[in-house]
1. Find the residue count for region B:131-146, including only residues that are part of a loop (DSSP other than H, G, I, E, B) and under 21 Å from residue B:218 (Cβ atoms).
2. With the requirement that a residue be within 17 Å of residue B:333 (Cα to Cα), more than 19 Å from the chain's Cα centre (by Cα) and among the small types (Gly, Ala, Ser), what does region B:58-96 give you?
3. Given the structure, is residue B:208 in contact with a His (Cβ under 9 Å, 6 or more places away or on another chain) and either surrounded by fewer than 24 Cβ atoms within 10 Å (Cβ to Cβ) or within 14 Å of chain A (Cβ to nearest Cβ) (or both)?
4. Would region A:102-118 turn up any residue that is within 11 Å of another protein chain (Cβ to nearest Cβ), surrounded by 23 or more Cβ atoms within 10 Å (Cβ to Cβ) and touching a Ser or Thr at 6+ places or on another chain (Cβ under 8 Å)?
5. Would you check which residues across region B:176-185 are surrounded by fewer than 24 Cβ atoms within 10 Å (Cβ to Cβ) and either in contact (Cβ under 8 Å) with a residue 60 or more places away in the chain or under 16 Å from residue B:58 (Cβ atoms) (or both) and list them?
6. So which helices (runs of 4 or more DSSP H) stay within region A:275-377 end to end and still have 2 or more residues that are hydrophobic (A, V, I, L, M, F, W, C) and under 21 Å from residue A:219 (Cα atoms)?
7. Would you tally the residues in region B:348-362 being over 17 Å from residue B:280 (Cα atoms) and of a type in the set (Phe, Trp, Tyr)?
8. Filter region A:279-320 down to residues that are touching a strand residue (DSSP E or B) at 6+ places or on another chain (Cβ under 7 Å) and surrounded by fewer than 19 Cβ atoms within 10 Å (Cβ to Cβ), then give me how many there are.
Number of protein chains: 2
Amino acid sequence: MDPIYLNSVYTVKPKNLYRQAELSQWIAQIHQRAESFKPKDQQTDSDLIEKFFLRYGVKDAQISERYFECSDVFTGFSDHSDIYKITTSTPNGVDITERSRFFLNRSYEVLQKFYDVSTVQIRPDHLIHVTCTGYVSPSAAQKIVAHQNWHHSTDITHAYHMGCYASLPAIRLARGLVNTENLSVDVVHNEMCGLHMNPQLQTPEQMVVQTLFADGHAKYTVSKTKSKDLKNLKILAISEKVLPDSEMDMSWIPGPYGMQMSLSRNVPPKIKGELMSFSTDLFSKAELTNEQAMKSVFAIHPGGPKIIDAVQETLGLSANQIAESRRVLLQRGNMSSATLPHVWQEILLANYPLGTKMVSYAFGPGLTLFGAVFEIC
Amino acid sequence: MDPIYLNSVYTVKPKNLYRQAELSQWIAQIHQRAESFKPKDQQTDSDLIEKFFLRYGVKDAQISERYFECSDVFTGFSDHSDIYKITTSTPNGVDITERSRFFLNRSYEVLQKFYDVSTVQIRPDHLIHVTCTGYVSPSAAQKIVAHQNWHHSTDITHAYHMGCYASLPAIRLARGLVNTENLSVDVVHNEMCGLHMNPQLQTPEQMVVQTLFADGHAKYTVSKTKSKDLKNLKILAISEKVLPDSEMDMSWIPGPYGMQMSLSRNVPPKIKGELMSFSTDLFSKAELTNEQAMKSVFAIHPGGPKIIDAVQETLGLSANQIAESRRVLLQRGNMSSATLPHVWQEILLANYPLGTKMVSYAFGPGLTLFGAVFEIC
C-alpha cells in the first residue's frame, strides 16, 4: 500500500491573548459574581473561591498564556458580554445554544482564514471537521463548502465529540479515505474550550479545568503526495486502547450552560500503568524495536503538566525529546484536539534530520490511550 | 480494489411502542402543562395548542406508530418521569445533562443486545458509533469495548452530529478503514429523538418535529467478506452535495433542554430542484445509466411524507419501488440516522433477485444531499 503523508500544518490564533495570571483572576471573579446570585445560605465565600483558584489552578510557570475567542474579559460581566453575562436573569452566563452560535460564527471566520474564498482556488476532496466544543449543523465546514467561490466537490465528515485525542482518529479516517477515493483530505480542528465554563460550580476539579484549557485552531492535509517544498510526516502506525475500569476518570457531557467536564486525579497514574505495554505494541506495528523508538522526538498531548511528566518518567525520555510538547502547553494551554497539531507544527519547524521518527500520544475519555508513529521526511 | 460489502443488518426496538394518535395527544398535554407555568399573559391557550397539533402534526395515516425509549407517557408528568417532569422547578422537563445520561444508559443496554458480553465472542476490529441525539464521553461504544468479556482490540470512531444522513458518511468511513487495515467494521446507530422535545415552544414547526421523529437502533457490518448465509449489499458508489443558499432550511443545535431542531417548508422543493442532476452524477459513479438506475429499488430516508413524495415525483418512481421507505415511515416514524438501516433491512428481507441495484438517499442539515448505490448479492 502506498505511503500516506501528513503535511501543510497551519494554525490560526484566536482573537484574544491573555496572560495566565490575568485570565485566572478574571475567571475567579466570574465565579465570585455568579456565586453572589445564589441564595445567601448556599453561597461560597469570595475569599475561599480566590484561595481555591490559587491552590488548585494551573500556575503560570506551567501555562504562561492562553488564547480565548471570547472577549468578555474586557466587558465586565455586562450585557455587552458575549458569554459571561453574569446577571440576575443569567447567573451562569448565556445558555448552550448561544455558546454554540458563538462557536459557529467564530469557527466560520477561522475557516475563511484557512480557505481564501475571495478567489477560486484548489480545494480538498474531503474535509474532516473536528471539534468537541461546538456542535452546530450546518457547521462552519458545510457553510464554507457551500460558498459560491468554493467551486469543488468536497465531501464532509464531522468527527465530533472525541475529546483531546481526536486528531489521531481523524488521521486514521483520512488515511482510509485517501486509500479509497479522495486524493487529498484536509483535517480542520476548531476548539473553543473557553466557551464552556460554568461559574456556579466551585469545585477544585473545575478550577483545574478552567485554568488549563484554551482555544485553538489547526488544519493539515493528508494525502499520498509527498510535498517537495514542505516537510512531511509519513504515517507509520496508529493504535488505540480503551482502559478497563476507568470510565469515571474523565467525562464530557452537554449541560445547560455549555459542555461539562469531569477529571479525576487517577488519570496520570492510570496512563503510567498502561503506557509501556501500549507503546511496545504501537512501536512493533511501526516495525520499530523499543530501543529504536526511544530515539524519536515525542509529541505528547499536554493534557496537563502531570500528563507530560507521567509519559516522560514512564518512558525515560530526556527534556529535549519532549521540548515542543511542554512549550505548546506553556504558551497555549490545553487546546483539546487542536493541541497535538500545534506540537507537530513546532516539530516540523525545528531542525530534526529527515528520517527522524516522531511518536505522538493523546489521551481522553474512556480512558482512551491513542498513539501514532510518524517519520519526518 | 476489492469490493466492499455491507451485511448483517440488525435492529433493536426501543422499550415503548405508542400509537401515533395516543402519543401525539400526550405530547400536546405536555405542551399544555408546560405552558401553564409561564406568566399568565404569555400563555398560549390550551385549546389552541390542541388545534395546532391536530392541524400541523403528522397524521396517523402517514405514521401509525412510534417507539420511544422514554416511558414518561405512563407517569403523568410527575417526579417519577425520567425526562418530562413538568413541574414548577422544571417547566421544560429535565435539562440536557439528564437527557444525555438517560441516552448513555439506554444506549449501553442496546449495545449489550447487539453484542453479547456474557460470553467471549468474535468482535469487530472497529466500531463506528453514530448518533445525533446523545453526546456522552465515555460513550456506550467505549464502555462495551472496555467490558471484561470483550477480549478484542477494537478501535472506535464517534461519527456524531451528522443528522439524518449519517449512515452514508459512516459507510464511507467504514469502507476506508476496511481498505486500510480493519478486517471488519461494525456501524452502530443509537437515536433517541424522543428525548429532545421542548414543551414550552408552541410553533407549527415544533409540532411537525415532535409528531415525526422517533427512537431507533441499528447495527451492520462492513467488510471485504461476502456472507454466504445472508444477503449482502455491495457498495458501488457514495456521493454527497451541500446545496448553496440553504443553510437556514434545517438546523440542529444543543439547547438547555435537549437538542433543538429547525425545519423549513423549503426542504422538499429544494431537494426536488437538485435531485435529478445529483442522481445522474451518482449513477455514473456507479457505472449505471439513468435508465438502468431507474429500475432499482429505492431506499429513501423518509424525512417526512413530503420528502418521499418529492423523490418519487422527481424521479418518476412507482409505488413498489419505494414501498419499504414508506412502510418504515408508517411503522416507525423518522428515527434520524437509524432510519435508512431499517429500510435496508426490509429490502434485504424482501425477495428482490440477486443483482438488483438499490439506490439510497438521505437528507440533512446543510442542506446536504447524500446518495449511494448498492447491489443486492
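1. Here the count works out to 6.
2. B:61
3. For residue B:208, the condition - in contact with a His (Cβ under 9 Å, 6 or more places away or on another chain) and either surrounded by fewer than 24 Cβ atoms within 10 Å (Cβ to Cβ) or within 14 Å of chain A (Cβ to nearest Cβ) (or both) - is not met.
4. Within region A:102-118 (the criterion being within 11 Å of another protein chain (Cβ to nearest Cβ), surrounded by 23 or more Cβ atoms within 10 Å (Cβ to Cβ) and touching a Ser or Thr at 6+ places or on another chain (Cβ under 8 Å)), the answer is yes, since at least one residue qualifies.
5. B:179, B:184
6. A:323-332, A:339-349
7. 1
8. The number of residues fulfilling the criteria is 2.
The values are calculated or read from the model by the stated rules, or taken from the named source; none is laboratory data. Here the structure is a predicted model, which means the values were calculated and not measured. Don't worry about glycine lacking a Cβ; one is built from the backbone with ideal geometry, like all the others, and counts go over all protein chains shown.
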